[in-house]
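Quick notes on the structure that follows.
The values are calculated or read from the model by the stated rules, or taken from the named source; none is laboratory data. On a predicted model such as this, the values are computed, not experimentally measured, just so you know. Cβ coordinates were reconstructed from backbone atoms using ideal geometry, including for glycine residues, and neighbour counts include every protein chain displayed.
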Amino acid sequence: MKAVSDLGDLSGQRVLVRSDLNVPLSGTDITDDGRVRASVPTIERLASAGARVIVVAHLGRPKGAPDPAYSLKPVATRLGELLGAEVHFASDTVGDDARRVVESLADGQVAVLENVRFNAGETAKDDAERGAFADQLADLADVFVSDGFGVVHRKQASVYDIASRLPAAVGGLVQTEVEVLKRLTENPEGPYAVVLGGSKVSDKLGVIENLIDKADSLLIGGGMVFTFLKAQGHEVGTSLLEADQLDVASGYIERAAAQGVDLVLPTDVVVAPAFADEDASVVPADAMPADQMGLDIGPESAARFAEVIGASRTVFWNGPMGVFEMASFDAGTRAVALALTQMNGLSVVGGGDSAAAVRQLGFDDAQFGHISTGGGASLEYLEGKTLPGLAILEGTDD
């Protein structure tokens, strides 16, 4: 893949940058600006080179038509604050206002176009419809830079089709993401620990399948652990359970044992009678009351997880250990995060809920080796899947 440095002199060039600005909002207030901050270095680099920077991105899941609840205007305002410079905003993506704003840009200036998913062509399944929208985007620019890693697993107009219509390169964010993920999949330095949490085993099957042959330790927490505990014959009460995945979980338990992979499951669990921040207690993982639900790994398990992480040279973590949004059930996630900040090696937080968790719990991004901006894209890469937004830039798309 070409990098920005391979594009030559960009002064005066209109550079369309596909960023990932899909941030959580409360009204018009951004509750986590991590993705906006991650987009800044590439945008700054292009602006400093004298390019006329045109940022396109999505927010939420509008239905292919304008929806004020998903406007990128507050995100554009925050981007301007982080850049320390005015960011122009167009009230549409490829319409009259977008053309006016782009035409008014001077060298080194930045504009954000309105939510690209306000246009049905962006996510259309029909190649011709999607391509027609990509043509409209391409008319606004001279060069394309793909810097939204969180969307490179999507075959969408501003991610995939646009790359075949303009000279294209990857931005620094995507370049870094790919380099880090390659370190996790191609001869990772051992001992190598993979820590998985979140609600569903089914969401992580591909990652387990692709990494179980590479990892020395596989640590399982979060809601998905109760399917593994049930597969071992334990009572899991009213905990989250995927009954259709019991055989799969049993298979991975047996496979880990056969391959010498240390499969670490909790030995104690924090339970409560309801999904609420009250009446929590710690019980052995193999003796859960039938009327209680597990909502976090217990302190003994958290200490064990931290010990394994601390002894590792490479760690990939995706998925919280419990319901970290509630104070009674955040200790497991906090312990894993703290252990990652203290380990001697590469620590990678796999985006999504894990990234939100470490920030909510008071950790700084700089305390980790890498925090991915794309949870879904990271997982698909680690599963060994082809990511369309990368394949088109690599020339490997078929």
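Structure summary
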item: In the range 253-309, residue nearest to the chain's Cα centre (by Cα) [restricted to those that are among the hydroxyl-bearing types (Ser, Thr, Tyr) and within 21 Å of VAL201 (Cβ to Cβ)]; result: SER301
item: Flag if ARG78 is at pLDDT below 95 and either under 23 Å from the mean Cα position of the chain (by Cα) or within 17 Å of VAL145 (Cα to Cα) (or both); result: no
item: Residue within the range 226-236 that is charged (D, E, K, R), in contact with a Pro (Cβ under 7 Å, 6 or more places away or on another chain) and without any contact (Cβ under 8 Å) to a residue 24 or more places away in the chain present; result: no
item: Unmet criterion (only one of (1) closer than 22 Å to LEU10 by Cα; (2) in contact (Cβ under 8 Å) with a residue 12 or more places away in the chain) for LEU82; result: (1)
item: Output for the range 256-283, where each listed residue is in contact with a helix residue (DSSP H, G or I) (Cβ under 9 Å, 6 or more places away or on another chain), over 18 Å from VAL195 (Cβ atoms) and not in a loop (DSSP other than H, G, I, E, B); result: ALA272, VAL282
item: Test set (1) touching a residue at least 12 places away in the same chain (Cβ under 8 Å); (2) on the phi > 0 side of the Ramachandran plot; (3) acidic (Asp, Glu) - ASP279 fails condition number; result: (1)
item: Matching residues in the range 156-169 - criterion: being farther than 17 Å from LEU46 by Cβ and buried (at least 19 other Cβ atoms within 10 Å of the Cβ); result: GLN156, ALA157, VAL159, TYR160, ASP161
item: Output for the range 213-222, where each listed residue is touching a residue at least 60 places away in the same chain (Cβ under 8 Å) and at negative phi; result: ASP216, SER217, LEU219, GLY221
item: Residue under evaluation PHE149, criteria (1) closer than 17 Å to GLY384 by Cα; (2) of a type in the set (Phe, Trp, Tyr); (3) touching a strand residue (DSSP E or B) at 6+ places or on another chain (Cβ under 8 Å), criterion not met; result: (3)
item: ALA391 being in a helix (DSSP H, G or I), free of Cβ contacts under 8 Å to residues at least 40 places away in the same chain, surrounded by 20 or more Cβ atoms within 10 Å (Cβ to Cβ) and of a type outside the set (Phe, Trp, Tyr); result: no
item: Count - residues of the range 273-312 that are at pLDDT below 95 and hydrophobic (A, V, I, L, M, F, W, C); result: 3
item: Those residues of the range 69-101 which are farther than 24 Å from GLY34 by Cβ and out of contact with any helix residue (DSSP H, G or I) (no Cβ under 7 Å at 6 or more places or on another chain), in sequence order; result: GLY95, ASP96, ASP97, ALA98, ARG99, ARG100, VAL101
item: Candidates SER39, SER71, filtered to the one that is in contact with a strand residue (DSSP E or B) (Cβ under 8 Å, 6 or more places away or on another chain), under 25 Å from TYR160 (Cβ atoms), surrounded by 19 or more Cβ atoms within 10 Å (Cβ to Cβ) and among the polar types (S, T, N, Q); result: SER39
item: Qualifying residue in the range 236-243 (condition: closer than 25 Å to PHE324 by Cα, out of contact with any helix residue (DSSP H, G or I) (no Cβ under 7 Å at 6 or more places or on another chain), crowded, with 17+ Cβ neighbours inside 10 Å and not basic (Lys, Arg)); result: yes
item: Scope the range 92-111; condition surrounded by 20 or more Cβ atoms within 10 Å (Cβ to Cβ) and free of Cβ contacts under 8 Å to residues at least 60 places away in the same chain; matching residues; result: THR93, VAL94, ALA98, VAL101, ALA111
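To keep it simple, each residue is scored yes or no on (1) surrounded by 22 or more Cβ atoms within 10 Å (Cβ to Cβ); (2) more than 13 Å from GLY198 (Cα to Cα); (3) not aliphatic (A, V, I, L, M).
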residue	(1), (2), (3)
GLU325	no, no, yes
THR333	yes, no, yes
THR341	no, yes, yes
SER354	yes, no, yes
GLY362	no, yes, yes
THR373	yes, yes, yes
LEU382	yes, yes, no
LYS385	no, yes, yes
